[in-house]
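What follows is a set of notes on a single structure, which appears directly below.
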Amino acid sequence: MMTKEDYLKEYDQHQKMRENVREDKYRLKYHLMPPTGFLNDPNGLCQKDGVYHIYFQYTPFDCGWGTKLWGHYTTRDMIHFCEEEPFLYPDTIMDRDGVYSGSAFIKDNIIHYFYTGNVKLCDRDDYDYIQEGREQNTIHFTSKDGYEISKKELILSNNDYPADMSKHVRDPKIFEKDGYYYMALGARSRDDQGCVLLYRSVDLQHFEYYNRLMLPDYGYMWECPDLFELDGQLFLMTCPQGLKQQGHNFANVYQTGYFPVDYDFINNTYTLGDFKELDRGFDIYAPQSFLDEKGRRIQYGWMGLPDTDYDNQPTIEHDWQHALTMPKVLTYRHHQIYQQPLEEMKQLRESKIQSNCHHIQQTDTICYEMKIEFTKNQDFNLEIRQDVHLTYQDALLTLSLGESGRGRTSRSVDIQEISDITIFSDTSSLEIFINDGQEVFTTRLYSSSFHQRVQFLTDNEGQVTFYPLKSYDITKK
Ligand code: FRU
């Protein structure tokens, strides 16, 4: 078990890792990445007394899949960040093999946290750790300020989950509706049906099984559920594993997307609408959203995926792997979720350079925001970097990467019309927003040179606005 004291002792010995990270040219300038080691899911996102708390799954001393802590960044303005000490450690018998993903919910000025304590039993050597051999403990604790925490309390354990569940039940997230608190838990049944279990509570402490959200044969496991409303429409965002690729859809190893949900909470019946992929790129998983003090629904995702067949990532040599996506605001428009960069990102703009599609004026920077507004719907071939192209032909939009993709080749989406494209380029990532966030492509990439030009290889009509972007300001506590 790694306690805070162990961690602090080891941490001093890891200054070398920090230096190695600092020297990496692929280190991101305006994305949250692990100070050292491996980052995965965003966790416990919330804003309390003006301060945003961004926690994340974290193995500080290991660039691969190790025992998880919760890392912690804070910010007041989404531009200046503080790297805090890790927030949560696997230091009890309920969570000794990892403080797995979880969430925060603020009620009466108190932050309630819920997460999964992962325990792998080692009293036998024939466990498969799916059907048997694992405890998935749902644990609750509180905090007034996002730093100091109360005692961890076990609120649900294996015996509290339906008997037909495997030992994969995790990632609690709270949704409040009409005086009840609903907890969504990602789950895999014994016969490999993915689903989301719903538990209900009136006091955020005692939870009763309520229902399960599922579709027959829709993957074997649904991870990281997020239930929320946008403009009165309920959505279930989740990450199904085990969906087969269908044409251009479901091309990644695991999926990330959402169902509109029609829930009758009086009769406890529901229907799930069609599943839509959140992002059409190569690196997106485990997104989590929260309401900030301005009432915006902000979402971060893991800009990465587990179990990919991409080649070894070059950042590993520099003692880190993966990052969070940019923060995005979710809205409900035209029967779907739209994603937009957080307004605050505009503060990173250094200057504004305008031109047209024929001659894109830009500076020699790899960190930029670029908006292209077309005057008409037209096919195009846009070279974003030397071996990175965004092409639109016959109503199919394709992002293709060459060697810099390290095994990431191409991803496509059918789209009838394109009016605008916004590209956020960081040293080793791209986030591409189509039609004001109707579709998004998120990817990591590792260009050998940062001297790159953006240009249309076709004759296109439209206006281009280019903004070189500054770095985040990140200090360490
Ligand atoms: C998703 C996930 C979660 C789990 C966590 C462990 O990436 O597997 O289901 O809680 O990561 O780090």
query: Taking only pairs six or more apart or across chains, which ones have beta-carbon atoms under 8 Å, a first residue in region 239-252 that is free of Cβ contacts under 8 Å to residues at least 12 places away in the same chain, and a second residue that is aliphatic (A, V, I, L, M) and away from the ligand (no atom under 16 Å from the Cβ)?
result: GLN245/ALA251
message: I'd like to check something: does region 466-473 contain any residue that is crowded, with 17+ Cβ neighbours inside 10 Å, within 27 Å of GLU317 (Cα to Cα) and modelled with pLDDT of 95 or more?
response: yes
task: Have a look at ILE423, ILE372 and point out the one that is in contact (Cβ under 8 Å) with a residue 60 or more places away in the chain and part of a strand (DSSP E or B).
output: ILE372
query: Within region 434-447, is even one residue closer than 22 Å to PHE250 by Cα and free of Cβ contacts under 8 Å to residues at least 60 places away in the same chain?
result: yes
Top-ranked residue of region 56-80 - restricted to ones that are of a type in the set (Ser, Thr, Tyr) and either free of Cβ contacts under 8 Å to residues at least 40 places away in the same chain or in contact with a helix residue (DSSP H, G or I) (Cβ under 8 Å, 6 or more places away or on another chain) (or both), ranked as nearest to GLU10 (Cα to Cα): THR59
task: Could you please find all residues in region 325-361 being within 30 Å of the chain's Cα centre (by Cα), in a loop (DSSP other than H, G, I, E, B) and closer than 18 Å to ASP420 by Cα?
output: HIS334, LEU342, LYS352
- request: Filter the strands (runs of 3 or more DSSP E) completely within region 198-258 down to those with at least 1 residues that are of a type outside the set (A, V, I, L, M) and within 20 Å of the chain's Cα centre (by Cα).
  value: 221-230, 233-241
statement: When restricted to THR315, THR271, the only residue away from the ligand (no atom under 16 Å from the Cβ) and either free of Cβ contacts under 8 Å to residues at least 12 places away in the same chain or surrounded by fewer than 16 Cβ atoms within 10 Å (Cβ to Cβ) (or both) is THR271
query: Restricting the search to region 144-164, which residues are β-branched (Val, Ile, Thr) and within 15 Å of THR116 (Cα to Cα)?
result: ILE155
- line: So the strands (runs of 3 or more DSSP E) completely within region 22-114 holding 1 or more residues that are away from the ligand (no atom under 16 Å from the Cβ), hydroxyl-bearing (Ser, Thr, Tyr) and within 30 Å of SER447 (Cα to Cα) are 69-75
- prompt: Counting just the residues of region 427-438 that are of a type outside the set (A, V, I, L, M, F, W, C) and surrounded by 23 or more Cβ atoms within 10 Å (Cβ to Cβ), which one comes out farthest from the chain's Cα centre (by Cα)?
  reply: SER428
- prompt: Counting only residues that are among the polar types (S, T, N, Q) and within 16 Å of the ligand (Cβ to nearest atom), how many does region 227-268 have?
  reply: 5
message: Take THR391 and tell me if it is surrounded by fewer than 19 Cβ atoms within 10 Å (Cβ to Cβ), in contact with a strand residue (DSSP E or B) (Cβ under 9 Å, 6 or more places away or on another chain), under 18 Å from CYS367 (Cβ atoms) and not assigned by TED's automatic domain parsing to the domain that holds GLY301.
response: no
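Going through LEU234, LEU227, LEU213 one at a time, which residue ends up being under 23 Å from THR142 (Cα atoms), in contact with a Phe, Trp or Tyr (Cβ under 9 Å, 6 or more places away or on another chain) and free of Cβ contacts under 8 Å to residues at least 60 places away in the same chain?
Sole residue among the options that is under 23 Å from THR142 (Cα atoms), in contact with a Phe, Trp or Tyr (Cβ under 9 Å, 6 or more places away or on another chain) and free of Cβ contacts under 8 Å to residues at least 60 places away in the same chain: LEU227.
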statement: For region 274-298, the count of residues that are closer than 18 Å to GLY186 by Cα and either free of Cβ contacts under 8 Å to residues at least 12 places away in the same chain or within 16 Å of the ligand (Cβ to nearest atom) (or both) equals 7
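The values are calculated or read from the model by the stated rules, or taken from the named source; none is laboratory data. Everything quoted here is computed from the prediction, not taken from an experiment. Note that we place each Cβ from the backbone using ideal geometry, even for glycine, and neighbour counts take in every protein chain shown.
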